[in-house]
Amino acid sequence: MVHRDVSAANVLLTAQGVRLLDFGLARQDLQLTLTAPDQAMGTPAYAAPEQIDSHTVDARTDLFAVGVLLYQMLTGRLPWQERDAVKLFLAKSNTPPPPPNQLNPMISRSLSELIMDLLRAHPEERPESADAVLRRLS
């Protein structure tokens with residue numbers, strides 16, 4: 001399942017663990033496109049470039065959003081600071097953010113590298129699955 005709107009507003013931390021909320025944009029398809037032409041779906045700050053640019057999305061789209069969440073949780077800021085939607089899209093597509101361990105030296109090099117891999121502009125350069133991310137964390 002591809003959620004398509006993983007964001008801070010849709011993640012709830014409970015005593016039982018992390019819960020993902022609001023499955024209004026979720027789709028079961030392994031490969032899918034947006035539901036309406038020329039209409040971006042999801043929260044812009046967390047949306048992957050392919051999601052904004054109306055390309056096919058898959059699990060790596062949600063992993064990009066997880067990378068944004070991790071970056072924000074560990075540094076206290078979003079990876080890209082642009083407020084304008086077009087500038088934000090261009091930055092995500094062309095300019096990697098500073099590595100999180102440059103902003104917070106308490107972050108290990110391996111975790112910083114994983115987050116940067118999750119934030120890669122091209123989905124084929126990101127980890128292929130949540131299982132691949134978990135393997136890197138262990």
For this session: Calculate, for S93 and V18, the FRET efficiency according to 1/(1 + (r/R0)^6) with r their C-beta to C-beta distance and R0 30 Å; round to the nearest 0.05.
Result: 0.60
Seminar exercise, completed: With a Förster distance of 25 angstrom and the Cβ-Cβ distance between V86 and S110, calculated FRET efficiency to the nearest 0.05 equals 0.15
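Read the figures in this text as sums done on the coordinates, not as results from a lab. From a predicted model like this one, the values you see are computed outputs, not experimental measurements. Because the Cβ atoms are built from the backbone with ideal geometry, glycine has one as well, and the counts that use them run over all protein chains shown.
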